[in-house]
Amino acid sequence: MSLPQPLFFIALLPPPPIQQEVDQIRQMFADRYASRAALKSPPHITLYPPFPWSLAEVERLESSLAKFAIAQRPCSITINGFGAFPPRVIYLHVVKTSELADLQQALKEAFATNLNLVIPDDQQRSFTPHMTVAFRDLSPPNFKLGWAEVQSRSIYYTFALTHLTLLKHNGQFWEIHTDFPLDTTTTVHKKSVEI
């Protein structure tokens, strides 16, 4: 009997000071609205959803991710306000820039080409970058109460994305497996346009 393959996913993690503030928001949802599921992973923006992967092939996965990441330029991430997917998900709204959308699309294409990894359900879903603060175990009544509390609350963060993170599920929660730095040696030059 073969062992089940562990689950992995690729995420963008904010710097530790922002993670700590987001954790406080997630803890508030756990304490007030009985939603603890979001606490089972570090605060993150999912770039590639969970997928099973053989432990024997992790080195191949990491090698592919390292090559992909180093070919990408850092970009700026902005979190502005709260959003929701009724009736169970409340999140921090991540501004969908063309750079972020291009990064996500490029990763999907690289995984399909280099690792023959395609998640059929994900192909139909549009990319909506977000940082979940309450979900799955948030009851619809508590969703309404929690959403009423935060929907107009002002929250704003901006940070430079400098790496991609591979997370692995250990059977109870998600933990950071490996970080992959982006190409920080290149700088973005603005082109001057003559009219």
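The values are calculated or read from the model by the stated rules, or taken from the named source; none is laboratory data. What you see is a predicted model; the values in this text were computed from it and never measured. Methodologically, a virtual Cβ is constructed for each residue, glycine included, from the backbone with ideal geometry; neighbour enumeration extends over all protein chains shown. Accessible surface is based on the protein model in full, side chains and every heavy atom, while ligands, DNA and RNA are left aside. Shrake-Rupley method; radii C 1.70, N 1.55, O 1.52, S 1.80 Å.
Per residue, the accessible area of the chain comes to 57 Å², computed with a 1.4 Å probe over protein heavy atoms only. Segment A56..I119, full-extension length gain: 20.7 nm, with 0.36 nm per residue of separation and the alpha-carbon distance subtracted.
Think of it as helices only: each DSSP H run of n ≥ 4 in the chain is worth -39500 (n - 2.57), and spread over all residues that comes to -10500 deg cm²/dmol at 222 nm. Across the options T165, T185, V95, the greatest Cα extent toward the positive end of the charge dipole of the chain (unit charges at beta carbon of Lys, Arg, Asp, Glu) belongs to V95. Working note: Cα gyration tensor of segment 89-135, eigenvalues times five, square-rooted, sorted largest first, giving semi-axes of 23, 14, 8 Å.
Were the residues from A34 through A101 laid out at 0.36 nm apart, the gain over their Cα-Cα distance would be 20.8 nm.
Once the mean of 1/r is taken over each pair of separate Cα atoms and inverted, the chain shows a Kirkwood hydrodynamic radius of 18.0 Å. Ignoring the sites themselves, the chain has its longest run without trypsin sites (Lys or Arg not before Pro) in a DSSP loop having at most 14 other Cβ atoms within 10 Å at 1-124. Relative to its Kirkwood radius, the Cα radius of gyration of segment 28-80 gives an Rg/Rh of 1.10.
Of the residues V58, Q72, V150, the one whose Cα sits farthest towards the positive end of the charge dipole of the chain is V150 (charges of +1 on Lys and Arg Cβ, -1 on Asp and Glu Cβ, taken about the Cα centre). Ranked from largest, the principal axis spans of the Cα set of segment 1-111 equal 42, 42, 27 Å.
Kindly provide the chymotrypsin sites (Phe, Trp or Tyr not before Pro) of segment 150-179 that DSSP labels as loop, not H, G, I, E or B, and whose Cβ sees at most 12 other Cβ atoms within 10 Å. Passing sites in segment 150-179 are F173.
For the chain, which whole percent of the accessible surface, found with a 1.4 angstrom probe, sits on carbon and sulfur atoms?
Details: 5950 of 11120 Å².
After summing per-atom areas, the C and S share lands at 53 percent.
The reciprocal of the average 1/r between distinct C-alpha atoms defines the Kirkwood hydrodynamic radius, which for segment 76-175 equals 15.7 Å.
Centre-to-centre, using Cα atoms only, segment 87-140 and segment 1-55 are separated by 13 Å.
Other residues with beta-carbon under 12 Å from the beta-carbon of K168 carry, at +1 per Lys or Arg and -1 per Asp or Glu, a net charge of -2.
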